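Encoded as structure tokens, the structure appears first; notes follow it.
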Amino acid sequence: MDNCKVVCITGTPGVGKTTISKLLNEKLLKKGFKSKLFFINEIAINHDLTLGYDEEKGFNVVDINKLNKKFSEIMADENTENEIAIVDGHLSHFCSRCDKVIVLRVKPDILKNRLIKRNYSDNKIKDNLESEVLAICSYEANEFHKGKVNELDTSDLKVSQILEICMDIIQGKTYMSIGNIDFMDYFLKDNQQI
Ligand code: DAT
């Protein structure tokens, strides 16, 4: 258990967490690592860890304390010695059982188009764009896991490049410190259209 490297892939909905987490897990396995993929949202739903549906926000509110406890239990039950656990989800960084966090970021214009394709309501798109511009996930992750949080602007990168950087982060070959990505100009130029 202690050897298990838990890598949380977090970020605003639509930044590419699930896409990257799945491919990263495949890449790790291909390279001979013992790797396993966990979906934090599925854990929350399957174990009924929600507090109820927020009509205004348009999502199920998850009980973070219960989620954290459940995830720790799941990890304790897993035979995870020498394994890498990739944990996908925008709540993954709230789990204390975490060795590294990778916050995926993407330019708000790109994110907006992805969220429109998902048919999110205007309010939900606005909330998520604000979260992305204000780097809420990075901020939250840093509160819980200071010094372990990497932040990656994926906007101009190919998927293969993103995977390479994630591999390097996991193996300790690189550290992408937070605080270098600034999307604030989106508020200035495009606020009326959020
Ligand atoms: P998330 O899990 O963060 O909600 P996702 O993996 O479902 O995001 O991706 C959202 C959409 O964006 C999906 O249609 C796939 C696309 N996408 C993800 N990563 C991408 C990338 N690096 N380049 C282009 N499109 C990407």
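Readers should treat all values here as calculations from the given coordinates under stated rules, not as data from a laboratory. Predicted model, so just to flag it, every value in this text is computed and none were measured. Here Cβ is always computed from backbone atoms with ideal geometry, including for glycine, and neighbour counts include all displayed protein chains.
Data overview
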read-out: Which listed residue, of K173, K189, is part of a helix (DSSP H, G or I), more than 16 Å from the ligand (Cβ to nearest atom), without any contact (Cβ under 8 Å) to a residue 24 or more places away in the chain and among the basic types (K, R); value: K189
read-out: Count of residues meeting criterion [buried (at least 17 other Cβ atoms within 10 Å of the Cβ) and within 14 Å of K27 (Cα to Cα)] in the range 170-194; value: 1
read-out: Identity of the residue in the range 113-144, of a type in the set (D, E, K, R) and within 12 Å of the ligand (Cβ to nearest atom), that ends up surrounded by the fewest Cβ atoms within 10 Å (Cβ to Cβ); value: K117
read-out: Any hit, the range 149-165, residues being surrounded by fewer than 20 Cβ atoms within 10 Å (Cβ to Cβ) and either of a type in the set (F, W, Y) or away from the ligand (no atom under 14 Å from the Cβ) (or both); value: no
read-out: Residue in the range 125-132 that is under 24 Å from K22 (Cβ atoms), part of a helix (DSSP H, G or I) and among the aliphatic types (A, V, I, L, M) present; value: no
read-out: Members of the range 79-105 found to be assigned to a strand (DSSP E or B) and within 11 Å of T12 (Cα to Cα), listed by number; value: V103, L104, R105
read-out: Hey, C95 buried (at least 17 other Cβ atoms within 10 Å of the Cβ) and touching a Lys or Arg at 6+ places or on another chain (Cβ under 8 Å) or not; value: no
read-out: Enumeration of residues in the range 14-61 that are surrounded by 13 or more Cβ atoms within 10 Å (Cβ to Cβ), away from the ligand (no atom under 16 Å from the Cβ) and touching a residue at least 40 places away in the same chain (Cβ under 8 Å); value: L28, F33, K34, S35, K36
read-out: Qualifying positions in the range 62-92 - within 16 Å of the ligand (Cβ to nearest atom) and either exposed (fewer than 15 other Cβ atoms within 10 Å of the Cβ) or among the aliphatic types (A, V, I, L, M) (or both); value: V62, I86, V87, L91
